[in-house]
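These notes concern the structure reproduced below.
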Amino acid sequence: MPPRPTDLIHHPYVPPAGFEAPQPGVFKASTVLFADVAALRARDWKHKDGYTYGLHGTPTTFLLEERIATLEGGRQCLLVPSGLAAIANVNCALLAAGDEVLLPDNVYGPSRLMAEGELARWGISHQRYDPMKPADLERRIGARTRLVWLEAPGSVTLEFPPLAQLAQICRRHGVTSALDNTWGAGLAFNGFDLGAGEGVQPGSGADIVVHALTKYPSGGGDVLMGSIATREEELHVRLKLSHMRMGWGVGGNDAELVLRSLPSLALRYRAQDAAARGLARWLQGRPEIAQVLHPALEGSPGHEHWREACGPDGLAAGLFSVVFHERYAPARVDAFCDALKLFRLGYSWGGPVSLAVPYDIPSMRSAELGTWPHRGVLVRLAIGLEDPADLQADLERALGALSGA
Ligand SMILES: *Cc1c(COP(=O)(O)O)cnc(C)c1O
């Protein structure tokens, strides 16, 4: 007689407890089961003392939250389905109609689009500030300012701001600050306690640290996820209430992929940093390149702020941009990008494959602030895990395509 479906669903076998392996198990759930009604009613989803519904956490997501909180130097952490969702979660939790949010002029592009789109539609205004000029941030903070976004270094152009000064201005004005710490990955500097080595100032950083786990923590170019770390329980609960009401949970399989990649995070970050710096220095000596933008390299905007935040022997992400000499028209720079073979064309970074993207920076900046001094075309290079010598040969060959020969 074939088994009844009920016997397969309500099976009595329970495997022995005490299983241990290098990687944690993957728990997947929408439904979480309760022993009785009293347990169902008693369970508080806001804390990690039990389980209520998949959206509010499983053993797999709790583990990852705790590890990311440790990575960032925070006490609490929330996981969301992308880095951009982490930014949205912070905006939704802290802003209401009539409020204003301030964004650095070199902010992650989609964050600006969110401010121009949803936030504007919901009656929340925004201003952009020059992140390299603390006085510019200070003069823009007004009675309606509720949130200041910080990013170090800026997206694509990688100017490293005087982060401690910016955070201090927010604190002095009683405005919540949120740092996008994707570049630092929790390794190059601590977003809550800024300063390197002996110079670390406890509590000198941001109130909230978000991270696109999509980048280095995933490391595979195959997971989208974001995190929001905090140190204050009250702020965490505010963020968590919005997280619950907006339904921003993550799946167990994705959380497991990040858990599996975390042990090699520091090794990969260091390897990609070393490879990127070697290539960036080599490109500094090329006549086709007007400027290399890499905060750990002398002569890059904000290099001294990078030294303050990360230390003179500090770390940097394996990511930099080059500004081509203005004699090369955009079509020639496109030809350079198309001639690359190992570098593939694509967004994101932190994975094994090196990536290149040309950007039209003037269209991304506020004309009023005038924060972009260059005339040439910018290409961002994200260094993967290939042999750096092969990457250099690829770049050298593609530079030959610039002149149209
Ligand atoms: C990639 C990125 C994000 C967004 O991450 P997604 O997971 O792609 O949404 C946010 N901030 C920075 C600085 C990023 O590089």
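The values are calculated or read from the model by the stated rules, or taken from the named source; none is laboratory data. None of these values were measured; they are calculated from a predicted model. FYI the Cβ positions are ideal-geometry reconstructions off the backbone, even for glycines, and counts take in every protein chain you see. Remember, those area values only see protein heavy atoms, side chains included, never the ligands or the DNA or RNA. Shrake-Rupley method; radii C 1.70, N 1.55, O 1.52, S 1.80 Å.
If you take the square roots of the eigenvalues of the alpha-carbon gyration tensor of the stretch 264-403 and sort them as a ≥ b ≥ c, do you get rounded (a/c under 1.5), prolate (a/b over b/c) or oblate?
Because a/c hits 1.5 or more and a/b fails to exceed b/c, the stretch 264-403 counts as oblate.
Please determine, in degrees from 0 to 90 and to the nearest 10, the orientation of helix 265-284 with respect to the longest principal axis defined by the Cα atoms of the chain, where the helix direction is its Cα long axis.
That helix lies at roughly 10 degrees to the long axis.
Which whole-number percentage describes the relative contact order of the stretch 69-221, with Cα contacts under 8 Å and a sequence gap of 6 or more?
23 percent
Given the Cα-Cα distance of residue 366 and residue 274 and 0.36 nm per residue of separation, how much length would full extension add, in nm?
Working: separation 92, 0.36 × 92 = 33.12 nm, distance 3.33 nm.
Difference between extended and current length: 29.8 nm.
Work out the charge dipole of the stretch 264-403 with +1 on the Cβ of Lys and Arg and -1 on the Cβ of Asp and Glu about the Cα centre, then indicate which of 339, 316, 272 is farthest towards its positive end.
Farthest towards the positive end: 339.
For residue 144 and residue 53, what does the FRET efficiency come to when R0 = 30 Å and r is the distance between their Cβ atoms, rounded to the nearest 0.05?
The formula returns an efficiency of 0.25 here.
Restricting to DSSP H runs of at least four residues, report the calculated mean residue ellipticity at 222 nm for the chain, -39500 (n - 2.57) per run over all residues, nearest 500 deg cm²/dmol.
It lands at -10000 deg cm²/dmol.
Quick check for you: with a 1.4 Å probe and neighbouring chains kept, what is the accessible area per residue of the chain, in Å²?
I get 46 Å² per residue for this part.
Report the accessible area of residue 155, computed with a 1.4 Å probe over the heavy atoms of all protein chains in place, in Å² rounded to the nearest 10.
30 Å²
In degrees between 0 and 90, to the nearest 10, how far off the longest principal axis of the chain does helix 330-339 point, with axes built from Cα atoms?
Computed tilt is about 60 degrees.
With charges set only on the Cβ (+1 for Lys and Arg, -1 for Asp and Glu), what does the dipole of the stretch 1-111 come to about its Cα centre, in debye to the nearest 20?
Details: 8 positive and 11 negative charges, 84 e Å.
For this selection, approximately 400 debye.
Compute the orientation-averaged projected area for the stretch 132-184 from the convex hull of its Cα atoms and round it to one decimal in nm².
Quarter of the Cα hull surface area: 3.6 nm².
How many angstrom lie between the Cα centre of the stretch 207-274 and the Cα centre of the stretch 72-119?
Each part reduced to its Cα centre gives a spacing of 15 Å.
Which values, in whole Å and largest first, are the semi-axes of the equivalent ellipsoid of the stretch 203-285 obtained as the square root of 5 times each eigenvalue of the Cα gyration tensor?
31, 18, 11
Going highest first, how would you order 58-66, 244-252 by mean Cβ packing within 10 Å?
Final packing ranking: 58-66, 244-252.
Where both partners of a DSSP beta bridge lie in the stretch 264-403, what percent of those bridges are antiparallel, to the nearest 5?
Given both bridge residues lie in the stretch 264-403, the antiparallel proportion sits at roughly 90 percent.
Per the Cauchy relation, a quarter of the hull surface: what is the mean projected area of the convex hull of the alpha carbons in the chain, in nm²?
Numbers: hull surface 99.4 nm².
The orientation-averaged projected area of the Cα hull of the chain comes to 24.8 nm².
Per residue, how much space in cubic angstrom lies within the convex hull of the C-alpha atoms of the stretch 24-183?
Working: hull volume 23.5 nm³, N = 160.
That works out to 147 Å³ per residue.
Got the relative contact order for the chain handy, in percent, Cα pairs under 8 Å and 6 or more residues apart?
Working: 788 pairs, mean separation 66.1, N = 405.
Dividing the mean separation by the residue count of the chain yields 16 percent.
What net charge do the residues around residue 290 carry, taking every other residue with its C-beta under 14 Å from that of residue 290, with Lys and Arg at +1 and Asp and Glu at -1?
Net charge in that neighbourhood comes out at +2.
Would you look at the GNM of the chain, springs on alpha carbons closer than 10 Å, and say which of 105, 49, 334 moves the most?
The residue with the greatest mean-square fluctuation here is 49.
In the stretch 163-246, what GluC sites (Glu not before Pro) fall in a loop by DSSP, with at most 14 other Cβ atoms inside 10 Å?
In loop regions of the stretch 163-246 (DSSP not H, G, I, E or B), the sparsely surrounded GluC sites (Glu not before Pro) are 232.
Filter the trypsin sites (Lys or Arg not before Pro) in the stretch 83-164 down to the DSSP loop ones having no more than 12 other Cβ atoms within 10 Å, then list what survives. Don't skip to the answer; put the middle values down first.
Numbers: sites: 112, 121, 128, 139, 140, 144, 146; in loops: 144.
Taking the stretch 83-164 and a limit of 12 other Cβ atoms within 10 Å, the loop trypsin sites (Lys or Arg not before Pro) found are 144.
Mind running the shape call on the stretch 247-343? Use the C-alpha gyration tensor, a ≥ b ≥ c as the square roots of the eigenvalues: rounded below 1.5 for a/c, prolate if a/b tops b/c, oblate otherwise.
oblate
Count neighbours as other Cβ atoms within 10 Å of each site's Cβ, and list the chymotrypsin sites (Phe, Trp or Tyr not before Pro) in the stretch 72-129 that are DSSP loop with at most 12 such neighbours.
none
For residue 75, put the label point 7 Å out on the Cα→Cβ axis and report which residues of the stretch 212-231 keep their amide N under 13 Å from it.
230-231
At a probe size of 1.4 Å, how large is the accessible area of residue 228, to the nearest 10 Å²?
Surface open to solvent at residue 228 totals about 0 Å².
Do you know the relative contact order of the stretch 264-403, to the nearest whole percent, from alpha carbon pairs under 8 angstrom that are 6+ apart?
28 percent
In whole percent, and with a 1.4 Å probe on the protein chains, what portion of the accessible area of the chain is carbon and sulfur?
On the way: 10060 of 18460 Å².
In the chain, the share of accessible area belonging to carbon and sulfur is 55 percent.
Compute the angle between helix 252-261 and the longest alpha-carbon principal axis of the chain, please, reported from 0 to 90 degrees and rounded to the nearest 10.
50 degrees
What is the gain in length, in nm to one decimal, between residue 171 and residue 267 on full extension, counting 0.36 nm per residue of separation less the C-alpha to C-alpha distance?
Once the chain is fully extended between residue 171 and residue 267, it gains 31.1 nm.
Summing +1 for each Lys or Arg and -1 for each Asp or Glu, what net charge is found among the other residues whose Cβ lies under 9 Å from the Cβ of residue 317?
0
So if each residue of separation counts as 0.36 nm, and I subtract the Cα-Cα distance between residue 34 and residue 4, what length gain in nm does that give?
Stretched out fully, the residue 34 to residue 4 stretch lengthens by 8.4 nm.
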